[in-house]
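Below is one structure, written out as structure tokens, with a few remarks after it.
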Amino acid sequence: MFLAKNKTLLEAFKRGERSALEEVYRHYAPGVTSFLRKGFTFRSGKGQFFVKGILDPSDLKSAVQEVFRRAFEA
């Protein structure tokens, strides 16, 4: 919703402007970090699965960076 509500930021993000990428990172990084730290449950087919959270601070930082690297390169 954050990007959808701010068309100027969305366009800058699409162009890969550094300031827009930084703003998006600052907005979403805390939530992504929390999500990866706590773990999550998902359904696939007939089963429900739990992915354990990442507890090691170094591994967590690397995972968050990888999420944003992939998002920003897409």
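Every number here is computed from the coordinates shown, using simple stated rules; none is lab data. This one's a predicted model, so the numbers in the text were calculated from it and none came from an experiment. Counting neighbours? That spans all protein chains shown, and the Cβs are built from the backbone with ideal geometry, glycine included.
Annotations for the structure displayed:
- When the range 1-23 is filtered for residues that are assigned to a helix (DSSP H, G or I) and touching a residue at least 24 places away in the same chain (Cβ under 8 Å), only LEU21 remains.
- Every condition in (1) of a type outside the set (Gly, Ala, Ser); (2) farther than 26 Å from PHE13 by Cβ; (3) surrounded by 12 or more Cβ atoms within 10 Å (Cβ to Cβ) holds for VAL67 except the one numbered (2).
- Selected residue (criterion: farthest from LYS7 (Cα to Cα)) from residues of the range 19-50 that are surrounded by 10 or more Cβ atoms within 10 Å (Cβ to Cβ) and touching a strand residue (DSSP E or B) at 6+ places or on another chain (Cβ under 7 Å): PHE49
- Selected residue (only one of GLY16, GLY53 is surrounded by 13 or more Cβ atoms within 10 Å (Cβ to Cβ) and over 10 Å from the mean Cα position of the chain (by Cα)): GLY53
- Filtering the range 24-74 to residues that are of a type in the set (A, V, I, L, M) and part of a helix (DSSP H, G or I) leaves VAL24, ALA29, VAL32, LEU36, LEU60, ALA63, VAL64, VAL67, ALA71.
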